[in-house]
1. What does a probe at Ala45 reach in the stretch 8-23, counting residues whose amide N is under 18 Å from the point 7 Å along Cα→Cβ?
2. Can you order the peptides 52-59, 12-19 by their average number of other Cβ atoms within 10 Å per residue, highest first?
3. What list of ³J(HN,Hα) values in whole Hz, one per residue of the stretch 189-203 in order, does the Karplus curve 6.51 cos²θ - 1.76 cosθ + 1.60 (θ = phi - 60°) give from phi, with Gly and Pro shown as x?
4. Sorted by accessible area with a 1.4 angstrom probe, largest first, how do Lys10, Lys22, Lys204 fall?
5. Can you give the extra length, in nm with one decimal, that the chain gains between Ala164 and Thr69 once fully stretched, where that is 0.36 nm per residue apart less the Cα-Cα distance?
6. Please check which bits of the stretch 185-208 a label hung off Glu38 would reach, taking the label as a point 7 Å along Cα-to-C-beta and the cut-off as backbone N under 20 Å.
7. Please label the shape of the stretch 13-77 as rounded, prolate or oblate, based on the square roots a ≥ b ≥ c of the eigenvalues of the alpha-carbon gyration tensor (a/c under 1.5 means rounded; beyond that, a/b larger than b/c means prolate, else oblate).
8. What are the radius of gyration and Dmax of the stretch 135-211, computed over its Cα atoms and given in Å?
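The values are calculated or read from the model by the stated rules, or taken from the named source; none is laboratory data. Everything numeric here is computed off the predicted structure, so don't read it as measured data. Using ideal geometry, Cβ is built from the backbone for each residue, glycine included, and neighbour counts are taken over all protein chains shown. Areas reflect the complete protein model, heavy atoms only, side chains present, ligands, DNA and RNA absent. Shrake-Rupley method; radii C 1.70, N 1.55, O 1.52, S 1.80 Å.
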Amino acid sequence: RLARLKASTKQLSTRMDRTANKLDDLTTSIADVEAEVEGAKAELADTQTQHQNLVDQISLLDWSLEQLTGQADELAADLVDRRKALGARLAEAYRTGQTPMWQQVIGADSFVDVVVEQEGLVDFAEHDQAIAQDIESDQRALDVRRRDIRALRYETDQLRAAVALSAGELADDRDRLLAAQARLDERRAVVEALRVEQQTEFHKLAQTKEQ
C-alpha cells in the first residue's frame, strides 16, 4: 500500500506539472486544459483515498500494539508473582532442611510424620523444579514477544513518518490544483469576454451593412 501511495503521489505531482505547463501555454485549448484539470482531480481523489487507508491501517496497528503490550505486561507481572511465590517456597524448604532430624523427631507427633514430611520435601523439590522450568519457558516466550512488539512498533513508526510526508505532498498538490482551477476559470472568463465582444462587434457590423 505504501509503495502504491508513493507511486500515485509522484504521478500526481507529474500531472500537476503538466497541467501548469498547459495553463502557461496560451495555444492550448480550453478543452485540453479542462481535461487535464479533471484528470488531476480524479488522481488527487484516488491518492487521498489511498492515504486515508494507510492512516486507518496505522490506527489499527496502534490499537494492536496497545493490546499486545498490555498482554505482555500482564505476563511479566504474572512471572514476577510466580518467582516470588517460588522464592518463598524455596526459602521455606531450605529452612526445613536446615532443621536437625532429632529436632524434627521430638517436635513431631510420631516418627511416621517425620518420614512423610521428608518424602514430601522430595516431592516439593521436583514440583518446584517443574515450576522453575515453566517460569523460564514463559520468560523466553515473553522476551520473544517483547522483541516482536519492538519490531512492529518500529515498522509502524516508519509507516507513520512516510504517511505524514505523503500528507504534506498531497496538501501541496491540492493547493496547486486549486490554483490551476482558478487559472482555468480566469481563462474561461477571458475567452467568454472575447466571445461576447466578438459577437457584439459582429452584430454592429451586420447592422451597419443593413443600413
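1. 8-9, 12-13, 15-16
2. Values: 52-59: 13.9, 12-19: 17.9.
Descending packing order for the listed peptides: 12-19, 52-59.
3. In residue order, the calculated couplings are 4, 5, 5, 5, 5, 5, 5, 5, 5, 5, 5, 5, 5, 5, 5 Hz.
4. Numbers: Lys10 150, Lys22 60, Lys204 110 Å².
So the residues, ranked largest to smallest area, are Lys10, Lys204, Lys22.
5. Numbers: separation 95, 0.36 × 95 = 34.20 nm, distance 2.44 nm.
Difference between extended and current length: 31.8 nm.
6. Taking a point 7 Å out along Cα→Cβ of Glu38, the residues of the stretch 185-208 whose backbone N falls under 20 Å are 185-192.
7. On the way: a/c = 11.88, a/b = 5.37, b/c = 2.21.
Verdict is prolate for the stretch 13-77.
8. Radius of gyration, then largest Cα-Cα span, for the stretch 135-211: 32.9, 111 Å.
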